[in-house]
Amino acid sequence: MKCIKCKGKAQIKLPQHNSRFCKTHFIEYFHNQVSKAIKNYRMLNKDDKVLVAVSGGKDSLVLWEVLNQLGYCPDGFYIDLGIDDYSRQSENTCRSFAQQRGLDLHTVSIPELMGGLGIKEISRKTRRNPCSVCGLIKRYYFNHYALNKKYNVIATGHNLDDEAATLMSNLTRWQTGYLSRQSPVLPKNHPAMVKKVKPLHRLTEKETGSYAVINRIPYIYEECPLAEGARSILYKKTLNYLEFYSPGTKRQFYLDFLKKGKYNFKDSEQANLTSCNTCGQPTTLETCAFCHLIERLEVKKQVLS
Ligand code: AMP
Ligand code: FES
Ligand code: ZN
Ligand code: ZN
């Protein structure tokens, strides 16, 4: 098997592109895909203050590495979700990654901010699905922290598999508002909103995994223990099944949605964006979903310094 660029020994096969690459040309391909995403969606400028949300998993650490290699000077941001050993190991992985490269890692701890409660306890107390409260809390703190510390862009490690699974979920339920908003870039639509970008949206989970291995990036392999049985896993499996028999399907499904499909859906909610009457963050309600959660938990929200 030969690299399509240099005819040297190929190490990585990408059936969806009908391509094979040696290590050097795979890295070049990977960086080109990230640069293309950034350029197509005007995600970042070299003088932006960028915060990369890192979970300790392969995607977000690879993203931090690539943005750093491409000269964007990003800082990292880790949220301790208080999920026992899983959270401790994830934080240590992020810390040693940052330390080895001389990068800055910022952290917040949910149990510290929420009277000792982690995601599992919050989910139990509010009788809500753990992934849904976790998503709500993460989105709130990404925005809140970046805004307070004057970052103007937040980058997350969502890859093509994540985005294709979200698309399938939105389509099966015909969530037209979500479909119109699903995008690799969420602009600053409100004074208290920080722009969000997904520079890995053109790359699959397999590709980010290969990049991590080739570049010796240690990451946490375990999936979150609370995500077991999550519907997103089912959608990913379904898409992988299709991809196995028809390589390129996943990529076409998602990237063609962005090109052709998305514009058929209308966003009625975005027009009604106002400020939460309790915390000032953007919301379509009088009080945002995060403040409602805090009320139900009866914990006093700590102010971030
Ligand atoms: P997930 O919602 O777990 O699929 O993760 C999607 C993206 O959110 C990751 O690629 C990270 O960029 C970010 N993320 C997930 N968990 C954390 C965390 N605990 N702290 C900071 N960022 C996170
Ligand atoms: Fe959020 Fe597991 S990481 S529920
Ligand atoms: Zn090559
Ligand atoms: Zn609020």
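The values are calculated or read from the model by the stated rules, or taken from the named source; none is laboratory data. Bear in mind that the values here come from a model prediction, so they are computed numbers and not experimental data. Cβ placement follows ideal geometry from the backbone for every residue including glycine, while neighbour counts extend to all protein chains displayed.
Some values worked out for this structure:
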quantity: Single condition E28 does not satisfy, out of (1) acidic (D, E); (2) over 15 Å from the mean Cα position of the chain (by Cα); (3) surrounded by 15 or more Cβ atoms within 10 Å (Cβ to Cβ); calculated: (3)
quantity: Scope segment 105-125; condition in contact with a Pro (Cβ under 9 Å, 6 or more places away or on another chain) and either closer than 22 Å to P218 by Cβ or among the small types (G, A, S) (or both); matching residues; calculated: G118, S123
quantity: Unique match (being away from ligand 4 (no atom under 16 Å from the Cβ), closer than 29 Å to Y78 by Cα and buried (at least 16 other Cβ atoms within 10 Å of the Cβ)) among L226, L293; calculated: L226
quantity: Scan of segment 80-110 for residues that are surrounded by 17 or more Cβ atoms within 10 Å (Cβ to Cβ), without any contact (Cβ under 8 Å) to a residue 60 or more places away in the chain and part of a helix (DSSP H, G or I), ordered by number; calculated: S87, E91, C94, A98, I110
quantity: Enumeration of residues in segment 70-97 that are of a type in the set (D, E) and within 16 Å of ligand 2 (Cβ to nearest atom); calculated: D80, D84, D85, E91
quantity: Qualifying position, being touching a residue at least 60 places away in the same chain (Cβ under 8 Å), of a type outside the set (D, E, K, R) and surrounded by 17 or more Cβ atoms within 10 Å (Cβ to Cβ), among L273, L203; calculated: L203
quantity: Residues being touching a Ser or Thr at 6+ places or on another chain (Cβ under 8 Å) and surrounded by fewer than 23 Cβ atoms within 10 Å (Cβ to Cβ) - total across segment 60-79; calculated: 1
quantity: Search result, residues across segment 238-286 that are in contact with an Asp or Glu (Cβ under 8 Å, 6 or more places away or on another chain) and either among the hydrophobic types (A, V, I, L, M, F, W, C) or assigned to a loop (DSSP other than H, G, I, E, B) (or both); calculated: L239, C276, N277, T284
quantity: Residue among Y211, Y235 that is more than 23 Å from I154 (Cβ to Cβ), hydroxyl-bearing (S, T, Y) and assigned to a helix (DSSP H, G or I); calculated: Y235
quantity: Given (1) in a helix (DSSP H, G or I); (2) in contact with a Phe, Trp or Tyr (Cβ under 9 Å, 6 or more places away or on another chain); (3) more than 16 Å from ligand 2 (Cβ to nearest atom), index of the condition L136 fails; calculated: (3)
quantity: I220 vs. criteria surrounded by 14 or more Cβ atoms within 10 Å (Cβ to Cβ), in contact with a Gly (Cβ under 6 Å, 6 or more places away or on another chain) and at pLDDT 90 or above; calculated: yes
quantity: Residue in segment 61-69 that is without any contact (Cβ under 8 Å) to a residue 24 or more places away in the chain and assigned to a helix (DSSP H, G or I) present; calculated: no
quantity: Test: residue in segment 42-56 that is crowded, with 23+ Cβ neighbours inside 10 Å, in contact with a Cys (Cβ under 8 Å, 6 or more places away or on another chain), assigned to a helix (DSSP H, G or I) and in contact (Cβ under 8 Å) with a residue 40 or more places away in the chain; calculated: no
quantity: L14 vs. criteria more than 16 Å from ligand 2 (Cβ to nearest atom), surrounded by 14 or more Cβ atoms within 10 Å (Cβ to Cβ) and more than 17 Å from Y211 (Cβ to Cβ); calculated: no
quantity: Output for segment 54-69, where each listed residue is over 17 Å from R202 (Cβ atoms), under 10 Å from the mean Cα position of the chain (by Cα) and not hydroxyl-bearing (S, T, Y); calculated: V54
quantity: Flag for G116 being without any contact (Cβ under 8 Å) to a residue 12 or more places away in the chain and either assigned to a loop (DSSP other than H, G, I, E, B) or closer than 22 Å to H201 by Cα (or both); calculated: yes
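Every residue, every condition in (1) closer than 21 Å to K262 by Cα; (2) in contact (Cβ under 8 Å) with a residue 40 or more places away in the chain, yes or no:
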residue: V153; (1), (2): no, yes
residue: A164; (1), (2): yes, yes
residue: L167; (1), (2): yes, yes
residue: L171; (1), (2): yes, no
residue: Q182; (1), (2): yes, yes
